[in-house]
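Everything below concerns the one structure shown next.
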Amino acid sequence: MSGSLEEYSVRFAADIQETLDGVLPGKRRVVPTRFQGEERYIVRTAEKNVALHVGGEHLADLYLSFGLSLDRSGDYLKTVRTDFALKSVLDNTPLARLDYRADMNTAPVTHWNIHAERGAFSHLLARAHAVDPERVGRPHALSSLHFPVGGERFRPCLEDFLQFLVQECGVDSVEGWVDVVNRGRQAWRRRQLRSTVRDAQEEAADVLRRLGWSVERTERVDPEEYRPTLERW
């Protein structure tokens, strides 16, 4: 890769635009915006939400936002934050959220928040709250729990969330949406694989050697350098 963060962000926004247009009916505009005072860009729709329809009726909204920066080397684009949310049009409150924070310390770096309640789960949390109120602070709010989903490298992508909306929630889609989702997901996973190889070079080299490749190390690899990424939940 070569180019500035601005150039990368413009390309990234174009890719997100193409994905949304290839999956969901209607019009929207994805724009990159420089985050004031930082070397970071925010990519999201110019409209606050993307309307979701079921049988042509506007029943829900999709909110999405990406925070982009460069990695430590300055050579690769890094997503440092994502926010995907399914919202009800009845009260504009989230039904489910998928969040990623590269700098998260107190919760899983990637997690689902589910805005729903169930008596049996509330009972468990209430008992846990009675034992340790600092650890379980909101026993009657299931949405306060953070369900881990693979950490920084193996987290779900936008295409996963869009397929969830179409296939599981029944929102309207455009013809050919499956191909768009599959292409985008494959590209995403290949990028994540490249990042994972940088994180775990010894393991990647070992697998390639077992598959018949000739791999030589030209400089020392410090396993401690990539361990934090692999250990974070």
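Throughout, read-outs are computed from the coordinates displayed, never taken from laboratory work. Computed from a prediction, not measured in an experiment: that's the story for all the values here. Cβ placement follows ideal geometry from the backbone for every residue including glycine, while neighbour counts extend to all protein chains displayed.
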request  = For the stretch 49-65, just list the computed ³J(HN,Hα) in residue order, Karplus coefficients 6.51, -1.76 and 1.60, θ = phi - 60°, integers in Hz, with x standing in for Gly and Pro.
outcome  = 10, 9, 5, 10, 10, 10, x, x, 9, 6, 10, 8, 10, 10, 10, 9, 8
task = Assuming a ≥ b ≥ c are the square roots of the Cα gyration tensor eigenvalues, decide whether the stretch 58-151 counts as rounded (a/c under 1.5), prolate (otherwise, with a/b larger than b/c) or oblate.
result = oblate
ask   = Using the beta-carbon distance between GLU38 and ARG11 and R0 = 22 Å, what value does 1/(1 + (r/R0)^6) give for FRET efficiency, to the nearest 0.05?
value = 0.65
ask   = With θ set to phi - 60° and the Karplus curve 6.51 cos²θ - 1.76 cosθ + 1.60, what are the ³J(HN,Hα) couplings of the stretch 150-159 in order, to the nearest whole Hz, using x for Gly and Pro?
value = x, x, 5, 7, 10, 6, x, 9, 4, 4
inquiry  = Just to verify a number: FRET efficiency for ARG198 and LEU95, C-beta to C-beta distance, R0 = 45 Å, to 0.05?
reply    = 0.80
Cα→Cβ-extended label distance, 7 Å offset, between LYS48 and LEU124, nm = 3.5
ask   = Just from its helices, what would the mean residue ellipticity at 222 nm be for the chain, if runs of 4 or more DSSP H residues each count -39500 (n - 2.57) and the sum is divided by every residue, rounded to the nearest 500 deg cm²/dmol?
value = -11000 deg cm²/dmol
query = When TRP213, TRP177, TRP233 are ordered from fewest to most other Cβ atoms inside 10 Å of their Cβ, what list results?
reply = TRP213, TRP233, TRP177
ask   = With all pairs of different alpha carbon atoms counted, what Kirkwood hydrodynamic radius in Å does the stretch 112-233 show?
value = 18.5
inquiry  = Could you tell me what a quarter of the Cα convex hull surface of the stretch 112-152 works out to, in nm² with one decimal place?
reply    = 3.2
remark   = Once both label points are put 7 Å beyond Cα along the C-beta direction, the CYS169-GLU219 separation in nm becomes 4.5
request  = Mind checking the stretch 132-233 for GluC sites (Glu not before Pro) that DSSP puts in a loop (not H, G, I, E or B) and that have at most 10 other Cβ atoms within 10 Å?
outcome  = GLU134, GLU175, GLU216, GLU219
query = Can you list the residues, at least 5 places off or on another chain, whose amide H is less than 5 Å from the amide H of VAL171, using H built in the peptide plane?
reply = VAL166
request  = Show the residues, 5+ positions off or on another chain, whose built amide H is closer than 5 Å to the amide H of VAL109.
outcome  = TRP233
key: Top of VAL171, VAL197, VAL23 by mean-square fluctuation, Gaussian network on the chain, Cα under 10 Å   = VAL197
query = Per-residue HN-Hα couplings for the stretch 163-172, Karplus 6.51 cos²θ - 1.76 cosθ + 1.60 at θ = phi - 60°, whole Hz, x for Gly and Pro?
reply = 5, 4, 5, 6, 7, 9, 9, x, 6, 5
ask   = Can you sort ILE42, ILE114 by how many other beta carbons sit within 10 Å, fewest first?
value = ILE114, ILE42
query = Looking only at trypsin sites (Lys or Arg not before Pro) in DSSP loops with at most 12 other Cβ atoms within 10 Å, what is the longest site-free stretch of the chain?
reply = 136-216
inquiry  = Would the chain count as rounded, prolate or oblate if I go by the C-alpha gyration tensor, calling it rounded below 1.5 in a/c and otherwise prolate when a/b exceeds b/c, oblate otherwise?
reply    = oblate
remark   = The set of residues whose placed amide H lies less than 5 Å from the amide H of LYS78, leaving out same-chain residues fewer than 5 positions away, is SER69, LEU70, ASP71
